[in-house]
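**Student:** Quick one: the structure is below, questions incoming.
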Amino acid sequence: MSARTGQVLGFTIAATGLAHFAAPAAFEPVTKMAFADDVRNWTYRNGATELAIGLAIAAAPTRKAGFAGLAVYAGWLARRVLTRR
């Protein structure tokens, strides 16, 4: 992956994380699938997580750790959704 691609991907994920704070209602239907008990709180938590992961991916020295965090986060979210059904 080129440095530019990593930056664009990372900043895109980070921007999505920030959007959780700017427009939380837009993320609530998705968040509700995994966290029906406290949707707004988990919307903000997920936004903060995505912001941190995105910034880690955007910076070359932390890119590998960012991708590892993304993999763990995606797996954890998938597990939450599947166990709530």
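**Student:** Looking at region 58-67, is at least one residue among the aromatic types (F, W, Y) and in contact (Cβ under 8 Å) with a residue 12 or more places away in the chain? Talk me through it step by step, then tell me what you get.
**Tutor:** From region 58-67, those among the aromatic types (F, W, Y) are 67; that's our starting set.
Those left that are additionally in contact (Cβ under 8 Å) with a residue 12 or more places away in the chain: none.
No - not one qualifying residue is present in region 58-67.
**Student:** So G6 clears everything in (1) open to solvent by less than 50 Å² (accessible area, probe 1.4 Å); (2) touching a Pro at 6+ places or on another chain (Cβ under 8 Å) except one condition, right? Which one?
**Tutor:** Condition (2) is where G6 drops out.
**Student:** Filter region 13-31 down to residues that are in a helix (DSSP H, G or I), small (G, A, S) and open to solvent by less than 50 Å² (accessible area, probe 1.4 Å), then give me how many there are.
**Tutor:** Matching residues across region 13-31 total 3.
**Student:** Out of all the residues in region 65-85, which are surrounded by 14 or more Cβ atoms within 10 Å (Cβ to Cβ) and of a type in the set (F, W, Y)?
**Tutor:** F67, Y73
**Student:** Considering region 35-64 alone, what residues qualify as being touching a helix residue (DSSP H, G or I) at 6+ places or on another chain (Cβ under 7 Å), modelled with pLDDT under 95 and either closer than 18 Å to F21 by Cβ or open to solvent by 60 Å² or more (accessible area, probe 1.4 Å) (or both)?
**Tutor:** Within region 35-64, F35 is the sole residue that qualifies.
The values are calculated or read from the model by the stated rules, or taken from the named source; none is laboratory data. Remember, it's a predicted structure, so these values are computed and weren't measured experimentally. Virtual Cβ from ideal backbone geometry, glycine too; neighbours counted across all protein chains shown. We work out accessible area using only protein heavy atoms, side chains counted, and drop any ligands, DNA or RNA first. Shrake-Rupley method; radii C 1.70, N 1.55, O 1.52, S 1.80 Å.
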